[in-house]
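Undergrad: Right, I'll just put the structure down here and ask away after.
The values are calculated or read from the model by the stated rules, or taken from the named source; none is laboratory data. Note that the structure is a prediction, hence the values are computed from the model and not measured. Because the Cβ atoms are built from the backbone with ideal geometry, glycine has one as well, and the counts that use them run over all protein chains shown. SASA here: full protein model, heavy atoms, side chains in, ligands and nucleic acids out. Shrake-Rupley method; radii C 1.70, N 1.55, O 1.52, S 1.80 Å.
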Amino acid sequence: MTQEQPALSVRVECYAGYRGEESPHRFFLKSREIVVEEIVDRWLAPDHRYFKVRSEEGDIYILRHDVALGHWELTLFTKHR
């Protein structure tokens, strides 16, 4: 049996699109700033919004936003080869 790693809280700066939906523009892992180059995918769950993003370095991240609490978490990271 594998144990799931806990999600990591992150600070996210967003911009509102033409429909007023917020999308991540950059986020911070401790003091490291990561600029979002592209939103690869996005999807909704009952309590959260998810964003799969690619950084300027080509790394892939999945960010989860708890809309009710306004809290962001990093749930997945894949390093660009």
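Undergrad: Search segment 47-59 for residues being open to solvent by less than 50 Å² (accessible area, probe 1.4 Å) and closer than 15 Å to Ala7 by Cα, and hand back the single one that is farthest from the chain's Cα centre (by Cα).
TA: His48
Undergrad: Let me spell it out: the conditions are (1) in contact with a Ser or Thr (Cβ under 7 Å, 6 or more places away or on another chain); (2) open to solvent by 40 Å² or more (accessible area, probe 1.4 Å); (3) of a type in the set (A, V, I, L, M), and Ile34 meets all of them except one. Which number is the exception?
TA: Only one criterion is unmet by Ile34, namely (2).
Undergrad: His80 is checked against (1) modelled with pLDDT of 95 or more; (2) open to solvent by 90 Å² or more (accessible area, probe 1.4 Å); (3) not hydroxyl-bearing (Ser, Thr, Tyr) and fails just one. What number does that condition carry?
TA: Of everything listed in (1) modelled with pLDDT of 95 or more; (2) open to solvent by 90 Å² or more (accessible area, probe 1.4 Å); (3) not hydroxyl-bearing (Ser, Thr, Tyr), His80 misses just condition (1).
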